[in-house]
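The values are calculated or read from the model by the stated rules, or taken from the named source; none is laboratory data. Quick caveat, the model's predicted, so the values are computed rather than measured. Heads up, the Cβs are rebuilt from the backbone with ideal geometry, glycines too, and the neighbour counts pull from every protein chain shown.
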Amino acid sequence: MEKSVYILGIESSCDDTSASVICDNKILSNVVANQEVHSKYGGVVPELASRAHQQNIVPVVQQAIEQANIHKKDLTAIAFTKGPGLMGSLLVGTSFAKSLALGLQIPLIDVNHMQAHILAHFIKDDEESKIPSFPFICLTISGGHTQIVKVTNHFEMEILGETIDDAVGEAFDKSAKILGLPYPGGPLIDKYAQLGNPKAFPFTKPKVGDLDFSFSGLKTGILYFIQKQQRINPNFVKENLHDICASIQYTIVEILMEKLKNAVKKTGIKHIAIAGGVSANSDIRKRLLTAEKHLGWKTYIPKFEYTTDNAAMIAIAGYLKYLNDDYADVSVTAKARLKVTE
Ligand code: KG4
Ligand code: ZN
């Protein structure tokens, strides 16, 4: 039997410091330290994020190794997020991974964060884990990205459509901010929407290309609507929070589903995955399951812990690259901008 491969994954691209140990394609630990410091600023403050990563990285990596019940010397390789993300944040993970790999004299593997969100679908924690077959379409929806990607194999991806302005996570977070909710507002909109009427307030959907997205107009539409209602009733948001959240969520998820249907029509591919922080949203998850029943799609919905930023996805991407002997050398540098195809 082949010897098991143990890879430590490190993620520090934005405001979560995370480390994970994977044994072949099975996750042994996935530790995430969220940075509370940003919530009162209504968004991520890059300088604060970088400083928090520096404080968190050593204890987070230590915990991941302890929880995996292994020793540092058992590690086969170190995988880290090279980009895209905030430069100051990426540098913390990159330099830590480099020094650890050098110290342990094991290979270093650089991972593209956007590919990793998609590759999280290849984690096989148990018999129930549904692994996609190629080719499939992945709707990658996060705080920084909104893309429809055709995935031909683990590392061959093509962007079929993407946002021309805001990302869908930003649409959730900025709408939440208008409603006076703290950052990140996406999960709160989802929570309040549960008890609301999704058709209470109709918002206009944007007009863009078949597979492209635009969310900045929707955000402005929501802002003007709320301002107008508040002039009539200053307590409008408080009195209608559930209905407003349900209506915002309904409009956004309608847009996402419409684009996925366009992608299926255009490519003929009915294997559909979702990835990224917004794939935690309960409504998009429900709507995909309905599509599986009624449209004959085969859908892949990640476990909650693999939706928002986490190092388990970096570890599985690292494992897949390891199998391809695809390593980085110590001259590798962090890249704030990096396409899913790079
Ligand atoms: O993938 P992620 O953790 O970070 C980026 O790479 O951007 O995504 C974070 C985004 C945030 O905008 C957050 O509000 C959104 O994911 N999000 C959600 C939900 N959970 C997280 N949006 C809507 N509904 C949710 N349940
Ligand atoms: Zn992400």
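Here are a few things to note about the model shown:
- Subset of region 300-335 [in a loop (DSSP other than H, G, I, E, B), of a type outside the set (Val, Ile, Thr) and away from ligand 2 (no atom under 14 Å from the Cβ)]: Lys303, Asn324, Asp325, Asp326, Tyr327, Asp329, Ser331, Ala334, Lys335
- Test: residue in region 193-215 that is aliphatic (A, V, I, L, M) and in contact with a strand residue (DSSP E or B) (Cβ under 8 Å, 6 or more places away or on another chain): yes
- Among the candidates Ile148, Ile109, Ile123, residue that is within 25 Å of Thr251 (Cβ to Cβ) and more than 11 Å from ligand 1 (Cβ to nearest atom): Ile148
- Scanning region 16-35 for residues that are buried (at least 18 other Cβ atoms within 10 Å of the Cβ) and more than 19 Å from His154 (Cβ to Cβ) returns Asp16, Thr17, Ser18, Ala19, Val21, Leu28, Ser29, Asn30, Val31, Val32, Ala33, Gln35.
- Answer residue from region 275-294, given it is within 14 Å of ligand 2 (Cβ to nearest atom) and in contact with a Gly (Cβ under 9 Å, 6 or more places away or on another chain) and is nearest to Pro132 (Cα to Cα) among those: Gly276
- The number of residues in region 268-286 being within 14 Å of ligand 1 (Cβ to nearest atom) and crowded, with 17+ Cβ neighbours inside 10 Å comes to 11.
- Candidate set from region 273-312 (those that are of a type in the set (Val, Ile, Thr) and under 23 Å from Glu170 (Cα atoms)); member that is modelled with the lowest pLDDT: Thr308
- Among the residues of region 87-139, those identified as surrounded by fewer than 19 Cβ atoms within 10 Å (Cβ to Cβ) and among the hydroxyl-bearing types (Ser, Thr, Tyr) are Ser95, Ser99, Ser129, Ser133.
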